[in-house]
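Inspection log for the structure reproduced underneath, given as structure tokens.
The values are calculated or read from the model by the stated rules, or taken from the named source; none is laboratory data. This one's a predicted model, so the numbers in the text were calculated from it and none came from an experiment. Note that each Cβ is placed from the backbone with ideal geometry, even for glycine, and that neighbours are counted across all protein chains shown. Side chains included, ligands, DNA and RNA excluded: accessible areas come from the protein's heavy atoms. Shrake-Rupley method; radii C 1.70, N 1.55, O 1.52, S 1.80 Å.
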Amino acid sequence: MLVFLYVGFQFYNLVKLLSTPATAPAVFGGGLLGYVMYDCTHYYLHHGQPKTEVPRNLKKYHLNHHFRIQDKGFGITSSLWDKVFGTLPSSKADAK
């Protein structure tokens, strides 16, 4: 627990350095919330059993990154940034 507090305090100091004193708590809180949401989504994509098409496709896309093509497909919830940065993995249809 102390390590978490120490690291969190260091990140907060970095945010204070890069932003204004009035916005630092909001920026830090938003970043922390964003990370927690990312981590929950990542956990669900590994361990959840999606019942609808969109989450099923996300899980397939993400597990493809972990177990088939590790150097591509870094998007967790969408392929948008993979398209922007050129890390979109080729589909099976492209390979044929």
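Data for the structure
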quantity: Flag for THR23 being surrounded by 12 or more Cβ atoms within 10 Å (Cβ to Cβ) and over 28 Å from GLY75 (Cα atoms); calculated: yes
quantity: Lone qualifier among TYR6, TYR61, TYR35, TYR12 - being open to solvent by 100 Å² or more (accessible area, probe 1.4 Å) and either in contact (Cβ under 8 Å) with a residue 12 or more places away in the chain or under 12 Å from the mean Cα position of the chain (by Cα) (or both); calculated: TYR35
